[in-house]
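See structure below.
The values are calculated or read from the model by the stated rules, or taken from the named source; none is laboratory data. Bear in mind that the values here come from a model prediction, so they are computed numbers and not experimental data. We place every Cβ from the backbone using ideal geometry, glycine too, and count neighbours over all the protein chains shown. Calculation scope for accessible area: heavy atoms of the full protein, side chains included, ligands and nucleic acids excluded. Shrake-Rupley method; radii C 1.70, N 1.55, O 1.52, S 1.80 Å.
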Amino acid sequence: MNLAFASTLHLPTGQRVGYDTRPVSLAPNVSRALSTQKMFPCLAATATPTTQAAEFVLEEKKHDLLRAIQDTQRGLVATADQRSCIEEALVNVEEYNAGAPIDLGKLDGTWRLQYTSAPDVLVLLESAARFSFFQVGQIFQKFECQNQSKEGVVRNVVRWSIPPLLEEQEGATLLVSAKFSVVSARNIYLQFEEISIQNINISEELQALIAPAILPRSFLSLQILQFIRTFKAEIPVRNQGRRSVGGLYYLSYLDANMLLGRAAAGGIFVFTRAQPLV
């Protein structure tokens, strides 16, 4: 899978500053400070290049991680050696904001899955690889937590299809919804609520079978097409005690365009920022 990752380093822009030209009397210590600034004007700016250098190194680490996962088909065909390299590259990125509190403002939005070792996701990819009639398209995590400080909603979105009955890659959507709450600096607790199947897009071949284009479409055939398009199946997620299923999710790294996570049940996740889902 060919991934492109844009590095965004912004240089500070210059600003014009106006000075009051009227004479003023300065205390001796102030005069000495100003003389020092004139003699060594570069001292005040040393922090900015240092910060830029750190950001550049971080972007290189992120590129290394994306290169490591590039040929693994989102983790499906990753070898033991590749998994080891990916883990090392992941840790190199994670160390840059380890322990920093989760910024829900940055977390809010849609994230596209690029790699995982989580068994519950890999089983979907393995099924698609094994059975030619089943396809798994893009997988997203959508966080809804804008203007929140301790909680929000997360939706796992899986695009899938069964050709030729449904449109390829995006024939239908599997949606797993959960509420989450922040329980520590980097941990959130997920409380799953329901699994639903929706957004069914049937193929042109199936539409033609239900309502042939060469014949006048009857009220019944139109009703069938409308029912399929608007069909939505919802299944509450409960354990044997009728309680919602939950689990910890460790957000090990987060910035404007990359999200890394580790599930308590096992598995790592690499996401990159995606366009909002419609």
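T50 meets the conditions (1) farther than 24 Å from G171 by Cβ; (2) surrounded by 18 or more Cβ atoms within 10 Å (Cβ to Cβ) in every case but one. The failed one is (2). Among the residues examined, V57 does not qualify as touching a helix residue (DSSP H, G or I) at 6+ places or on another chain (Cβ under 6 Å) and either modelled with pLDDT under 85 or not in a loop (DSSP other than H, G, I, E, B) (or both).
Looking at the stretch 112-128, is at least one residue over 25 Å from L166 (Cα atoms) and without any contact (Cβ under 8 Å) to a residue 60 or more places away in the chain? No: zero hits. Entry remark, the stretch 145-160: residues being within 12 Å of the chain's Cα centre (by Cα) and buried (at least 19 other Cβ atoms within 10 Å of the Cβ) number 3 in total. Among residues of the stretch 48-66 that are farther than 18 Å from E87 by Cβ, none has a beta-carbon under 6 Å from a residue that is assigned to a helix (DSSP H, G or I) and among the polar types (S, T, N, Q) at least six positions away or on a different chain.
Residues in the stretch 186-207 that are within 17 Å of the chain's Cα centre (by Cα) and hydrophobic (A, V, I, L, M, F, W, C): I188, L190. Inspect the stretch 12-31 for any residue being of a type outside the set (D, E, K, R), closer than 26 Å to R273 by Cα and modelled with pLDDT under 50 and give the result as yes or no. Yes, the conditions are met somewhere in the stretch 12-31. Each residue in the stretch 232-259 was checked for being modelled with pLDDT of 95 or more, part of a strand (DSSP E or B) and in contact with a strand residue (DSSP E or B) (Cβ under 7 Å, 6 or more places away or on another chain), and 7 pass. Taking the numbered list (1) part of a loop (DSSP other than H, G, I, E, B); (2) charged (D, E, K, R); (3) under 19 Å from the mean Cα position of the chain (by Cα) in turn, K142 passes all entries but (1). Search the stretch 248-278 for residues being without any contact (Cβ under 8 Å) to a residue 40 or more places away in the chain and of a type in the set (A, V, I, L, M, F, W, C), and hand back the single one that is nearest to Q73 (Cα to Cα). The extreme case among them is A264. Given the condition in a loop (DSSP other than H, G, I, E, B), out of contact with any strand residue (DSSP E or B) (no Cβ under 9 Å at 6 or more places or on another chain) and either farther than 23 Å from E234 by Cα or touching a residue at least 40 places away in the same chain (Cβ under 8 Å) (or both), answer yes or no: does some residue in the stretch 188-205 qualify? Looking for residues that are in a loop (DSSP other than H, G, I, E, B), out of contact with any strand residue (DSSP E or B) (no Cβ under 9 Å at 6 or more places or on another chain) and either farther than 23 Å from E234 by Cα or touching a residue at least 40 places away in the same chain (Cβ under 8 Å) (or both), one finds none in the stretch 188-205, hence no. Of the residues making up the stretch 169-185, those that are of a type in the set (G, A, S) and either open to solvent by 30 Å² or more (accessible area, probe 1.4 Å) or under 17 Å from the mean Cα position of the chain (by Cα) (or both) are S177, A178, S181, S184, A185. Between V123, V91, V136, the distinction of being crowded, with 17+ Cβ neighbours inside 10 Å and on the phi < 0 side of the Ramachandran plot belongs to V136 only.
Looking at the stretch 73-88 only, could you name the residues that are open to solvent by less than 30 Å² (accessible area, probe 1.4 Å) and in a loop (DSSP other than H, G, I, E, B)? Across the stretch 73-88, the qualifying residue is only A78.
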